[in-house]
Each structure stands twice: as C-alpha cells, then as structure tokens.
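Enquirer: My questions all concern the structure below.
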Amino acid sequence: MTNLVILTGAGISAESGISTFRDDGGLWAKHRIEDVATPEGFARDPELVVNFYNERRAQAASVAPNTAHKALANLEAQHQGDLLLVTQNVDDLHERGGNPHVLHMHGALNSALCASCDHRWPAPMRMLVADSCPNCSAPMARPDIVWFGEMPYQMDRIERALSKADIFVAIGTSGNVYPAAGFVEMASHYGAHTIELNLEPSAVVSQFDETRFGKASETVPQWVSEILNK
Ligand code: OAD
C-alpha cells in the first residue's frame, strides 16, 4: 500500500476563480502583506484586515470546486493506503469537492478565532471587528488565518505523515512560503518520491524527482488516474 501526502496551494483553486497570491494581478500585487496578513497589521487596523478576509470569504462562497479538487476527492475515496491532504488554502473548495479530511495548515475562512481564549467557532459570512467570543465574551474575534510570523497548524502531524510517505506531491504552489516550501526536502529526506504539479516551475522545483507543468484541472485528474490504476 502506498502512503501519500498531498500539498495544495492557490493554483488548485485558480481555475475555480479564486485569485492566487503571486501571479500577475495576484492578491499580493493589490494588498500589502504587512497590512492584511500579519498580527501587527491586525493590531494597527483590524477593520481593514477583517474586511479583507470578508471579501475572500464572499469570493470563495461564490465559486465552485473544479475537476482538480474532485479528482483528489475521488483519490481519497478509493485509495487503499494512508493519505494526508494538506492545503495552504483558506477556502473550502476541497471539502465542497468531496474531501472530508483536509488539514488547513494556514487556517480557514469559515472559522473565527478568539485572540483572547483561542476558542474557535464558525465564522459568519461578514465578520465585524466588534464581534465577541461566544466562549469568553472578549471582543477579540479574528479570522482563523495563520498570518506571517505565526506558526502554521498541525506541523507535528504533517511531519509524521511526511516521514511515512511513499509519494509526496505538491500542487499549484509557488514554493515561496515556508515551512510548506520545505516539505519536498523533508519528504525526500525520508525517502519519498516527490512530484510537482504546477503551471510553472516553483521556487523549489529542482528538489523534486518528477515535474509536470500544466493546469491543475488537467494534470491532477491525470496523475490521480495513474495512481488509482497502478
Ligand atoms: P502563490 O500565489 O504563491 O502561487 C500559486 C502557484 O499556482 C504558482 O506557482 C502558479 O504558477 C500556480 N498556478 C496558477 N494557476 C494554476 C493552475 N490553473 N493550475 C496549476 N497551478 C497554477 O500561492 P501559494 O503558493 O499557495 O499564505 O502561496 C502560499 C502562501 O502564500 C499562501 O497560503 C498565503 C500566501 O501568502 C498566507 O497568507 C499565510
């Protein structure tokens, strides 16, 4: 049985109509990371930050999963060995495409987090800065998003899965943000075969054993059918 670890990034949701971060016209060309994706930015101007993620949440709700998300759901349903799907994406397109078990290492738009007591609850479509925590009542609600300078979620679980992986595949991620960009090195170190599926070569492309370039809606279903027919 083959153990799989799959890492996805913004590229897998691009064809659904969600903006990536670093492509031409991507989110980081229109917004400053320091303003909308750091704890300091949130402390300076919480309204700007909450509204930025309100827009992202509304955009995610208005689009649908594509054939790449659906192919991964089919893989999870049929694969015999272990499979961990880790996403850097904060949208819920994997879940809506049919993957019930997704590890959102950078958080999720549909979750709110209390900056005072760490309680989590389902985020309303439009969060307000004045929202209070349903657990401790502190007016400290924030989007449950991992910002720059914060530790991504469940790193122990990811590293354990990478240590047992036979295949590690990275899909639609530019390889610019660590620790996710370092997973290929870790997986190689533990002996996995590593594959990059991306539109263009990522910043860490040279570390992969195998690369396939093209749209996720084409490369992912193709790769999934190869794995399932092995
Ligand atoms: P990026 O925007 O950095 O990279 C998107 C990647 O997807 C690029 O390599 C594109 O070539 C590729 N791509 C675009 N369209 C594609 C398509 N149709 N099919 C396949 N690939 C396609 O996004 P990420 O690598 O996901 O973090 O960014 C990583 C993190 O940086 C994000 O999670 C976010 C951001 O800052 C935080 O906000 C903490």
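The values are calculated or read from the model by the stated rules, or taken from the named source; none is laboratory data. Everything numeric in this text was worked out from a predicted model, so none of it was measured. Heads up, the Cβs are rebuilt from the backbone with ideal geometry, glycines too, and the neighbour counts pull from every protein chain shown. Just the protein is used for accessible areas: all its heavy atoms, side chains included, with ligands, DNA and RNA removed. Shrake-Rupley method; radii C 1.70, N 1.55, O 1.52, S 1.80 Å.
Enquirer: Quick check on this structure: which one of Trp147, Trp121 is among the aromatic types (Phe, Trp, Tyr) and in contact with a strand residue (DSSP E or B) (Cβ under 7 Å, 6 or more places away or on another chain)? Show your work before the answer.
Expert: Numbers: Trp147 fails: in contact with a strand residue (DSSP E or B) (Cβ under 7 Å, 6 or more places away or on another chain).
It is Trp121.
Enquirer: Follow-up. (1) open to solvent by 40 Å² or more (accessible area, probe 1.4 Å); (2) modelled with pLDDT of 95 or more: which one isn't true of Val169, the others all being true?
Expert: Single failed check for Val169: (1).
Enquirer: Another question about this same structure. State yes or no: is Val86 within 13 Å of the ligand (Cβ to nearest atom), of a type in the set (A, V, I, L, M), in contact with a helix residue (DSSP H, G or I) (Cβ under 6 Å, 6 or more places away or on another chain) and open to solvent by less than 50 Å² (accessible area, probe 1.4 Å)? Let's see the steps before the verdict.
Expert: Values: within 13 Å of the ligand (Cβ to nearest atom): yes; of a type in the set (A, V, I, L, M): yes; in contact with a helix residue (DSSP H, G or I) (Cβ under 6 Å, 6 or more places away or on another chain): yes; open to solvent by less than 50 Å² (accessible area, probe 1.4 Å): yes.
Yes, satisfied.
Enquirer: Could you please tell me which pairs satisfy a Cβ distance under 9 Å, a separation of 6+ or placement on different chains, a first residue in region 190-210 that is more than 16 Å from Ile167 (Cα to Cα), and a second residue that is open to solvent by 20 Å² or more (accessible area, probe 1.4 Å) and more than 14 Å from the ligand (Cβ to nearest atom)?
Expert: Val204/Glu185
Enquirer: I'm trying to understand the selection: among the residues of region 1-48, which are aliphatic (A, V, I, L, M), in contact (Cβ under 8 Å) with a residue 60 or more places away in the chain and in a helix (DSSP H, G or I)? Quick ask: steps written out before the conclusion?
Expert: Restricting attention to region 1-48, the residues satisfying the condition of being aliphatic (A, V, I, L, M) are 1, 4-7, 10, 12, 14, 18, 27, 29, 33, 36-37, 43, 48.
Narrowing further to those that are in contact (Cβ under 8 Å) with a residue 60 or more places away in the chain: 1, 4-7, 10, 12, 14, 18, 33, 37.
Within region 1-48, Ile12, Ala14, Ile33 meet the criteria.
Enquirer: Filter region 194-218 down to the residues that are more than 9 Å from the ligand (Cβ to nearest atom) and part of a loop (DSSP other than H, G, I, E, B) and list them by number.
Expert: Once the filter is applied, which keeps residues that are more than 9 Å from the ligand (Cβ to nearest atom) and part of a loop (DSSP other than H, G, I, E, B), region 194-218 yields Val204, Phe208, Asp209.
Enquirer: Anything in region 6-34 that is away from the ligand (no atom under 12 Å from the Cβ) and over 21 Å from Lys70 (Cα atoms)? List them, or say none.
Expert: First, the residues of region 6-34 that are away from the ligand (no atom under 12 Å from the Cβ): 6, 30.
Hit for region 6-34 is Lys30, nothing else.
Enquirer: May I pose another question? Output yes when any residue across region 202-215 is buried (at least 20 other Cβ atoms within 10 Å of the Cβ) and under 15 Å from the mean Cα position of the chain (by Cα), and no when none is. So that I can check it myself, show each step before the final result.
Expert: Quick first cut of region 202-215, residues buried (at least 20 other Cβ atoms within 10 Å of the Cβ) only: 202, 204, 208.
Filter once more, keeping what is under 15 Å from the mean Cα position of the chain (by Cα): none.
Checked region 202-215: no residue is buried (at least 20 other Cβ atoms within 10 Å of the Cβ) and under 15 Å from the mean Cα position of the chain (by Cα).
Enquirer: With the requirement that a residue be open to solvent by 10 Å² or more (accessible area, probe 1.4 Å) and either away from the ligand (no atom under 14 Å from the Cβ) or farther than 22 Å from Ala64 by Cβ (or both), what does region 93-113 give you?
Expert: The answer is Glu95, Arg96, Gly97, Gly98, Pro100, His101, Asn110, Ser111, Leu113.
Enquirer: Please work out if Gly41 is modelled with pLDDT under 95, farther than 17 Å from Ser225 by Cα and more than 17 Å from the chain's Cα centre (by Cα). Full working, then the answer.
Expert: On the way: modelled with pLDDT under 95: no; farther than 17 Å from Ser225 by Cα: yes; more than 17 Å from the chain's Cα centre (by Cα): yes.
Taking the combined requirement at face value, the residue does not satisfy it.
Enquirer: Can you confirm whether Arg56 is in a helix (DSSP H, G or I), touching a residue at least 40 places away in the same chain (Cβ under 8 Å), surrounded by 14 or more Cβ atoms within 10 Å (Cβ to Cβ) and within 12 Å of the ligand (Cβ to nearest atom)? Let's see the steps before the verdict.
Expert: Details: in a helix (DSSP H, G or I): yes; touching a residue at least 40 places away in the same chain (Cβ under 8 Å): yes; surrounded by 14 or more Cβ atoms within 10 Å (Cβ to Cβ): yes; within 12 Å of the ligand (Cβ to nearest atom): yes.
So Arg56 fits the description; yes.
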